[in-house]
1. Taking neighbour Cβ counts within 10 Å as the exposure measure, how do Ser154, Ser139, Ser203, Ser50 sort from fewest upward?
2. Evaluate E = 1/(1 + (r/R0)^6) for Ala193 and Ser88, where r is the Cβ-Cβ distance and R0 equals 45 Å; express this FRET efficiency to the nearest 0.05.
3. What is the order of Leu254, Leu111, fewest Cβ neighbours within 10 Å to most?
4. Go through Leu5, Tyr96, Leu29 and say which Cα lies farthest out towards the positive end of the charge dipole of region 1-132; charges sit on Cβ, +1 for Lys and Arg, -1 for Asp and Glu.
5. For region 45-200, what is the charge dipole size about the Cα centre, in debye to the nearest 20, if Lys and Arg each add +1 at the Cβ and Asp and Glu each add -1 at the Cβ?
6. Sort Ile239, Ile213, Ile247 so that the residue with the fewest other Cβ atoms within 10 Å of its own Cβ comes first and the one with the most comes last.
7. GNM on the chain, C-alpha springs below 10 Å: top fluctuator among Thr138, Thr27, Thr91?
8. Quick check: the distance between the Cα centres of region 49-96 and region 175-240, to the nearest angstrom?
Amino acid sequence: MTLDLDNVAGLKVFGTEGSGHQIKCWTDLNGTKALIKINSKYREASKEESVSKFLDAAGISHVQYRKIKVTYQSKERIACICKSYLSSGETSMPVYNLLGDYGYTTKASALSIFNQVILDVTSRVNIDRQALIQGILTSLTIDYIVMNPDRHFSNLEIIMQSDGKCRISPLFDFGQSFLGRDGMISQSEFIRASHKFKSLPFSRNPERNLIDIAFAKQLTNLIVSNINNNIGGLNNLNIPNFHRYVIVSRINKLMAL
């Protein structure tokens, strides 16, 4: 089935694709607000869907992405679709909007920047500090495992509830993961590409960006246990072979840190 966006009345499209960004639009999906993101040169839909399947099996809360076909400007395109994670009366705000004047682009340590972010956010909104820390550390661990290079401060969001309390959003936006690839490469090519991989937002060094390696290992142990119980192991993930290869390789590397 192909969703014809050209015939959706009042459709409001935003975003660009000239520099690899995505064309996006909100639409109604069986009475629920849903976001459609059309593939750019990075073929994001396949990565989003693979991470969703991985996190489903791992038992980690996340935005559920599904790959679909759409017609846009008279051309058939590949896209992904996800339901809004906001309930009635809720709004969201990027963590970036809550940061103060601290020099986040300075050469401060990853841990110092992380602690300042926690301070800035908790001083500006009513959010449980420990839940915020755990939510961000979880995101950083998953980003490490799937090799997501795009976790800038606008890709971490705070949800503001109608009662004034806040919580961190479920995990979302993994479209540039897996080294931007779908097809398999050799082990030597993967090793070379891994050495060039850079992370965000606290350090370009992926290991330093984890902030708390003990937490990352504990979470990874839980993820592997859940996957073993739910689908019988990592090798049973129904995703492209290279995506599965990345996940297994990065889990092994993380646990060896």
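FYI, it's all coordinate maths here, none of it is from the lab. None of the values given here were measured: they were computed from a predicted structure. Here Cβ is always computed from backbone atoms with ideal geometry, including for glycine, and neighbour counts include all displayed protein chains.
1. Neighbour counts put them in this order, fewest first: Ser154, Ser203, Ser139, Ser50.
2. Efficiency for this residue pair is about 0.55.
3. Sorted ascending by nearby Cβ count, the order is Leu111, Leu254.
4. Leu5
5. Value, rounded to 20: 380 debye.
6. Lowest to highest Cβ neighbour count: Ile213, Ile239, Ile247.
7. Maximum fluctuation in the GNM of the chain, among the listed residues, is at Thr91.
8. 20 Å
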